[in-house]
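The values are calculated or read from the model by the stated rules, or taken from the named source; none is laboratory data. The model shown is predicted, which means the values in this text are computed figures rather than measured ones. Glycine also receives a Cβ, built like all others from the backbone with ideal geometry; neighbour counts cover every protein chain displayed. The protein model used for the area step is the full one, side chains on, heavy atoms only, and it has no ligands, DNA or RNA in it. Shrake-Rupley method; radii C 1.70, N 1.55, O 1.52, S 1.80 Å.
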Amino acid sequence: MVPASSEHDYDIIVAGGGMIGSTLALALAPLALRVAIVEPVPRAATAQPSFDDRSTVLSRSTQRTFEAMGLWEGIVAAATPVTRIHVSDRGRFGFAHIDAAEQGVEALGYVVVNRVLGEMLGNALDRTQGLRMLCPARIVGARPGPDSVTVRVAGDDGAVSELRCRLLVAADGAASPVRDMVGIAAKRVAYGQRAVVGNLVTEKRTDGCAFERFTGRGPVALLPVADGRTAFVWTVAERDAERVLGLDDTEFLEELQSTFGYRLGRFSKVGARSAYPLALSRAARLTAQRTVLLGNAAHGLHPVAAQGFNLGVRDVAALGDCIADACAASVDAPDPGATTLLERYAAWRRFDQAKLVGLTDGLVRLFGESAPPLPFLRDLGMLAFDLVPGVRGLFARHTMGLAGRLPRLSRGVPLA
Ligand SMILES: Cc1cc2nc3c(=O)[nH]c(=O)nc-3n(C[C@H](O)[C@H](O)[C@H](O)COP(=O)(O)OP(=O)(O)OC[C@H]3O[C@@H](n4cnc5c(N)ncnc54)[C@H](O)[C@@H]3O)c2cc1C
């Protein structure tokens, strides 16, 4: 791990080479900055937490971002389009739907397996000139100063080196060690739930439809994936999680079927299951001196609306915009960690992040309540959503990530 020799070793050090850290490093590639990623888990390791067997729904603005980065062609070949979303409350009369054709788009989103996305991002990182991958290595200390951040990096042999950068990006996940190192507090509220995920086969074809069904036992999402399979994300109460995970295939299918119902016919051929504890986490601030929090390090959401990664990609796009502007305005060396740049970034991102935290948390609480009159009010709300002109379109724009002032990448425009 030999650092480049100059006043600063790197313009930017990215803590975390997961979904968001990798996307940021690739987005910045055209700006010819000296960038390093520090990631503890080797890419090929099955333990890489960001790129596991989960499926992620990519929104329209994420699609545009990858288009602008020249990566979409590869991703879309391995992705499944979502052309309709159907939302229902089990045992109630209310339901709502959104159609791609009605919104004038080819797809409302695309489902991709995280492992496949990880391989593509990893291959693109390998091809990126001037990018340094420090892996396996972890950040064990960060000391921000007026001109640079001194970052302590430990290799897997235990040797620690000191590197200096002008901007430190914490993309190191919801538990973000870097966030603690630079003194930003975070609030974490556990939902007392776990998301159990896997794949199965449904008797009836999904035909591109994604289902979100709120049930007395937690929301169940069914997503169309490649090869005629369907991915499920079943939210179960923490107290029930170990029992559900201990069920054999037949018992598991029976229980999921009785929770979701028969809208897609009989379920069969369930694959391996894994589970994720669910919590809402939110950093008190998005920036500290020469440091910025991105993705889950800034906001960890409930997966109920499939928005966490997409929100993080919009963070990437906005930060990319601010840094690209600094590069264009600078005659010699741009300063990506300048206070004014970070203030502009934080002001830009505050509203979108607060909106998505409110939306996902609100949905979990609204549909988690069975005491009257809430179920009836939910029915009315869904009917209104379906019937009142304009409401569906407005909601679709927000969930596709197309509302508000969009940075270049979210509009499909490259940074340089
Ligand atoms: C069940 C489930 C389903 C989901 N579905 C969707 C969906 O459909 N759509 C959507 O938009 N979002 C979805 N999400 C959310 C999405 O997965 C997350 O928002 C996304 O993974 C966040 O990526 P990240 O890179 O910020 O964090 P992480 O994926 O947690 O990556 C953090 C990285 O930092 C590294 N790291 C840790 N410590 C250090 C250190 N000291 N130094 C350096 N590096 C370090 C880790 O090894 C890791 O690689 C879902 C989440 C769950 C749990």
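Hey, could you check the range 166-180 for residues that are open to solvent by 10 Å² or more (accessible area, probe 1.4 Å) and of a type outside the set (A, V, I, L, M) and say which is farthest from the ligand (Cβ to nearest atom)?
Ranking the qualifying residues of the range 166-180, first place goes to Arg166.
Considering each of Thr250, Thr215 in turn, give the residue that is away from the ligand (no atom under 16 Å from the Cβ), open to solvent by 30 Å² or more (accessible area, probe 1.4 Å) and of a type in the set (Val, Ile, Thr).
Result: Thr250 is the single residue among Thr250, Thr215 that is away from the ligand (no atom under 16 Å from the Cβ), open to solvent by 30 Å² or more (accessible area, probe 1.4 Å) and of a type in the set (Val, Ile, Thr).
Just for helices (runs of 4 or more DSSP H) wholly inside the range 320-403: which have at least 1 residues that are modelled with pLDDT of 70 or more and polar (S, T, N, Q)?
Output list reads 339-367, 391-399.
Hey, can you tell me all the residues within the range 254-287 that are away from the ligand (no atom under 13 Å from the Cβ) and either of a type in the set (Ser, Thr, Tyr) or in a helix (DSSP H, G or I) (or both)?
Glu254, Glu255, Leu256, Gln257, Ser258, Thr259, Phe260, Tyr262, Ser268, Thr287
With the requirement that a residue be open to solvent by 10 Å² or more (accessible area, probe 1.4 Å) and either among the small types (Gly, Ala, Ser) or away from the ligand (no atom under 16 Å from the Cβ) (or both), what does the range 301-320 give you?
Ala305, Ala306, Gly308
Being open to solvent by 10 Å² or more (accessible area, probe 1.4 Å), more than 14 Å from the ligand (Cβ to nearest atom) and touching a residue at least 40 places away in the same chain (Cβ under 8 Å) narrows it down to one residue among Ala101, Ala32; which is it?
Testing whether each residue is open to solvent by 10 Å² or more (accessible area, probe 1.4 Å), more than 14 Å from the ligand (Cβ to nearest atom) and touching a residue at least 40 places away in the same chain (Cβ under 8 Å) leaves just Ala32.
Condition first: within 29 Å of Gly368 (Cβ to Cβ) and open to solvent by 40 Å² or more (accessible area, probe 1.4 Å). Now tell me which residues in the range 54-82 satisfy that.
Arg54, Arg60
When the range 288-300 is examined, which residues are found to be within 7 Å of the ligand (Cβ to nearest atom) and open to solvent by 10 Å² or more (accessible area, probe 1.4 Å)?
Asn296
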